[in-house]
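J.: This structure is in structure tokens; I'll ask about it shortly.
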Amino acid sequence: MLDLVPTPPEWADHALEDVEALLSDHAHCEKKAAQQAMSLLHAVADHDEVVVRLARLAEQEAEHLRRVVEALHALGLHLRPDTTNRYTAALAADARDTIDRLIVAALIEARSHERLALLCEALDRRPALAHLVPLFEELRACEVGHAHTYLQVASLLCDRSRVEARLGRWVERETAAIAAVAMRSAIH
Ligand SMILES: [Fe+2]
Ligand SMILES: [Fe+2]
């Protein structure tokens with residue numbers, strides 16, 4: 001569905017250098033994912049089924065936020081302040097309408113899915129953190145579902161062929177945006 005450029009294999013070990021920063025960033029990502037789903041509701045208010053799907057998605061992201069914060073606390077760590085996410089900011093800056101915003105949301109979900117898989121592999125090699133793998137696996141499965149949901153919603157709002165025509169250019173923008181971000185203890 002979404003053919004993203006692969007993340008370099010060394011990324012996960014960089015990301016795990018500061019677990020408090022990584023989990024804090026991810027908690028804020030989940031918070032912003034919930035906010036994003038809710039902010040899109042006004043654009044789809046005429047589509048009853050879509051409203052429910054986005055409301056459910058927002059609920060899942062809010063639950064992810066809670067669970068990531070609980071995982072932080074279980075490690076004796078604390079939620080740090082949110083930081084600027086240059087990757088999502090670069091993509092959001094280029095979104096011109098609701099269809100663009102839905103495609104951007106799908107791409108961010110798909111990238112999160114790809115990177116959570118890399119983190120799970122790296123966590124398996126770290127016994128002190130391996131207990132995080134089931135949580136990250138669960139989040140990962142949800143995020144790929146969310147990517148599908150956003151693209152399905154876009155196809156309900158406008159013709160699927162028009163969505164697919166835009167998608168190619170957005171994948172190129174995503175490739176540039178993810179490459180421009182230095183490796184750090186964050187999902188992106
Ligand atoms: Fe999530
Ligand atoms: Fe998500």
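J.: So E143 passes all but one of these: (1) farther than 16 Å from W11 by Cβ; (2) in contact (Cβ under 8 Å) with a residue 60 or more places away in the chain; (3) touching a Ser or Thr at 6+ places or on another chain (Cβ under 7 Å). Which condition number does it fail?
T.: Tallying (1) farther than 16 Å from W11 by Cβ; (2) in contact (Cβ under 8 Å) with a residue 60 or more places away in the chain; (3) touching a Ser or Thr at 6+ places or on another chain (Cβ under 7 Å), E143 fails exactly one: (2).
J.: Restricting to the range 40-50, name every residue that is buried (at least 16 other Cβ atoms within 10 Å of the Cβ) and away from ligand 2 (no atom under 15 Å from the Cβ).
T.: Once the filter is applied, which keeps residues that are buried (at least 16 other Cβ atoms within 10 Å of the Cβ) and away from ligand 2 (no atom under 15 Å from the Cβ), the range 40-50 yields A43, V44, V50.
J.: When you scan the range 52-67, do you find a residue that is exposed (fewer than 13 other Cβ atoms within 10 Å of the Cβ), within 23 Å of A110 (Cα to Cα) and in contact (Cβ under 8 Å) with a residue 40 or more places away in the chain, even just one?
T.: No, there is no match, as no residue in the range 52-67 is exposed (fewer than 13 other Cβ atoms within 10 Å of the Cβ), within 23 Å of A110 (Cα to Cα) and in contact (Cβ under 8 Å) with a residue 40 or more places away in the chain.
J.: In addition: For residues that are of a type in the set (S, T, Y) and loosely packed, with under 15 Cβ neighbours inside 10 Å, scanning just the range 129-176, find the one that is modelled with the highest pLDDT.
T.: Step by step, filter the range 129-176, then rank; the result is T175.
J.: Can you tell me how many residues within the range 70-106 are within 16 Å of ligand 2 (Cβ to nearest atom), of a type outside the set (D, E, K, R) and assigned to a helix (DSSP H, G or I)?
T.: 9
J.: Inspect the range 51-72 for any residue being more than 10 Å from ligand 1 (Cβ to nearest atom), at negative phi and touching a His at 6+ places or on another chain (Cβ under 8 Å) and give the result as yes or no.
T.: yes
The values are calculated or read from the model by the stated rules, or taken from the named source; none is laboratory data. All of these numbers come straight from a predicted model, not from anything done at the bench. Neighbour counts are summed over all protein chains in view; Cβ atoms, including those assigned to glycine, are modelled from backbone coordinates with ideal geometry.
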